[in-house]
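Notes to accompany the following structure.
The values are calculated or read from the model by the stated rules, or taken from the named source; none is laboratory data. Treat the numbers as computed from the prediction; the structure is a model and nothing was measured. Cβ coordinates were reconstructed from backbone atoms using ideal geometry, including for glycine residues, and neighbour counts include every protein chain displayed. Areas reflect the complete protein model, heavy atoms only, side chains present, ligands, DNA and RNA absent. Shrake-Rupley method; radii C 1.70, N 1.55, O 1.52, S 1.80 Å.
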Amino acid sequence: MTRYLIRRLGQSVLTVFLTLSTVFVLVRMAPGDPAAALAGPNPSSADLARIREQFGLDRGLLSQYGLFLRDLFTGDLGTSYSFHAPALDVVLDRVPYTITLSLSAIALTALVAVPLGVWMARRADTKRELGANVLTIAGQSMPDFWIGVMLLTLFAVAVPVLPASGFTTWGGLVLPTVTVAILQMALISRLVRREMVAALAAPYVTVARSRGVSNRVLTWRYAMGNSAIPVLTALGTRFAAMLNGVVVVEVVFGWPGVGSLVVRALETRDYPLIQATVLVTAALAVLVQLLIDLAYPLLDPRVRLGKAA
């Protein structure tokens, strides 16, 4: 286990570093000039040159990358052009909001999608299951921004019972959470249904049923126990994606998370802020994946981390 952890931590550090380096190059190859974004309307050539020199943008790409690596290993990701504050501090101030939204959305997804998928598997190829399938397909088909706008129109305008934007009260968490969770519930419930149908048709379930084991135990202990790993993997992957920022939902609801911060950083060509955002979100994503891997042996004792089957 110790060897496995060391190896995975090394892989995670390398993944984050390569991701950060790739983003460093790509944002500088993208069209647009940070100096022009900072200088305001009708800047002079002298103003642009002064801004580029101030932020080191007049240097070559390799020189900028060398300075970036030097500062990175000292924990300094630079100063945000638009916030005039350390870029890492700006991102860390937003991370709790993104984590809160992601946790609430994935919890709602698990609470609804897993029982729904089990219910669909128990009634596979029936009219009721067909109706549930239609609903899940509709959930997958509807874009996030449309769901968000419809929920805002209904529950913040027509029947104003919930806040329209921001996170001043816990009520402000409801609409963004439901918006994010609808697509995830549709995806996860269909996955659970597929895994459970295969598990319920397995020979060991048939043998257990012939011995008089109750349907409840067959479903939740036998079948779900063997379907838990792919379900956990899917939930963890979706959670990691949410931590990278649910950009559209955050913009629609004015949510002060990482996603809306990325939009502002891209609009202003704020290189340090983009790089700090990528560092934090990539680190969170690889941490979630590591925790999922560590949970596998708890769900299935046959799994041995770091050893061949």
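Between V134, F167, A110, the Cα set farthest toward the positive side of the dipole of the stretch 91-299 (charges on each charged residue's Cβ, about the Cα centre) is that of V134.
In terms of the Cα gyration tensor, with a ≥ b ≥ c the square roots of its eigenvalues, is the chain rounded because a/c is under 1.5, prolate because a/b exceeds b/c, or oblate? Because a/c hits 1.5 or more and a/b fails to exceed b/c, the chain counts as oblate. Sorting the segments 150-158, 254-262 by their mean number of nearby beta carbons within 10 angstrom, highest to lowest, gives 254-262, 150-158. Using 7 Å Cα-to-Cβ label points, what is the A158/A138 separation (nm, one decimal)? My value for the distance between the label points is 1.4 nm.
Take the chain with all the other protein chains still there, run a 1.4 Å probe, and you get 53 Å² of accessible area per residue.
Ordering V157, N215, F239 by the projection of their Cα atoms onto the charge dipole of the stretch 91-299, which places +1 on the Cβ of Lys and Arg and -1 on the Cβ of Asp and Glu, puts N215 at the extreme positive end. Simple rule: put +1 on each Lys or Arg Cβ and -1 on each Asp or Glu Cβ in the chain, find the dipole, and look at V197, S44, P297; the Cα lying farthest toward the positive end is V197. Calculated on the Cα set of the stretch 82-121, radius of gyration then Dmax: 17.1, 54 Å. Of the trypsin sites (Lys or Arg not before Pro) found in the stretch 208-309, those that fall in a DSSP loop while having at most 11 other beta-carbon atoms within 10 Å are R211, R302, K307. Taking all Cα pairs closer than 8 Å and separated by 6 or more residues, the relative contact order of the stretch 1-88 comes to 15 percent.
Charge dipole of the stretch 98-255 (Cα centre as origin; +1 on each Lys and Arg Cβ, -1 on each Asp and Glu Cβ, all else neutral): 820 debye, rounded to the nearest 20. Think of it as helices only: each DSSP H run of n ≥ 4 in the chain is worth -39500 (n - 2.57), and spread over all residues that comes to -23500 deg cm²/dmol at 222 nm. Just to be sure I understand the curve: with the Debye formula and one point per C-alpha of the stretch 28-150, what is log10 I(q)/I(0) at q = 0.17, 0.22 Å⁻¹? Log10 of I(q)/I(0), two decimals: -0.99, -1.30. Model label points for T22 and V207, set 7 angstrom from Cα along the Cα-to-Cβ axis, are 4.5 nm apart.
Rounded to the nearest 20, the Cβ-based charge dipole of the chain about its Cα centre (Lys and Arg +1, Asp and Glu -1) stands at 1740 debye. DSSP H helices in the chain with Cα extent of 30 Å or more along the helix axis and mean Kyte-Doolittle hydropathy at least 0.0? Flagged H segments are 2-29, 87-122, 174-200, 271-299.
Pairs of Cα atoms nearer than 8 Å and 6+ residues apart set the relative contact order; for the chain it is 27 percent. Once the Cα-Cα distance is subtracted from the 0.36 nm per residue extended length, the R221 to K127 segment shows a gain of 31.2 nm. When the solvent-accessible area of the chain is split by element, carbon and sulfur atoms take up 65 percent of it, the probe being 1.4 Å.
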